[in-house]
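To start, the structure under review is shown below, and the notes come after it.
Bear in mind these aren't lab numbers, they're just calculated from the coordinates by the rules spelled out. Computed from a predicted model, the values in this text were never measured in an experiment. Using ideal geometry, Cβ is built from the backbone for each residue, glycine included, and neighbour counts are taken over all protein chains shown.
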Amino acid sequence: MNDDETTILIVEDAVITSMMLRVGLEDAGFTVCAVASSGEDAIRDADTYGPNLVLMDIRLSGEMDGFTAAQKISARHSCRFVFMSGYDLDDCRQKSRDLDPVAVFTKPVKLKELISSIRSPG
């Protein structure tokens, strides 16, 4: 993806993590359109901003987990997903398979690897 054309929605309920991701991605030349802390907020922000990439934590504040939010966003918008989890990556990969994610990372996410995966074609 071309940095100038990549608009990213960050969905992460840990404030320090979301701030670190936002600053790192913006410093790398990407546009972060919003940061959401719940699945419900993520859907609202996706409707408002129309990102072409969603960086999604799996476990979120609120009623909805990251997989459910991603499925709802995917049904309404043409965007790609990068998933993050502090838990079992095999389970995360299995559950996210239908969404064809750009990448699945364990937390804490290494910013250099994240940026590289976003910039990779496909």
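Points to keep in mind about this one:
- Each stretch of four or more DSSP H residues adds -39500 (n - 2.57); spread over every residue of the chain, this sum gives -12500 deg cm²/dmol at 222 nm.
- By the count of neighbouring beta-carbon atoms within 10 Å, fewest first, Met56, Met64 end up ordered Met64, Met56.
- Among (i) 15.4, 46; (ii) 12.7, 34; (iii) 20.2, 62, the entry derived from the coordinates for Rg and Dmax of the Cα atoms in Å: (ii)
- 19 Å reach of a label modelled at Ser116, 7 Å along Cα-to-Cβ, counting backbone N of the range 52-87: 82-85
- Shown in residue order for the range 29-39 are the 3J(HN,Hα) couplings computed by the Karplus curve 6.51 cos²θ - 1.76 cosθ + 1.60 at θ = phi - 60°: x, 8, 9, 9, 7, 6, 10, 10, 10, 9, x Hz (x for Gly and Pro).
- Simple spin-label estimate for Thr31 and Met19 in nanometres, 7 Å along Cα-Cβ: 2.5
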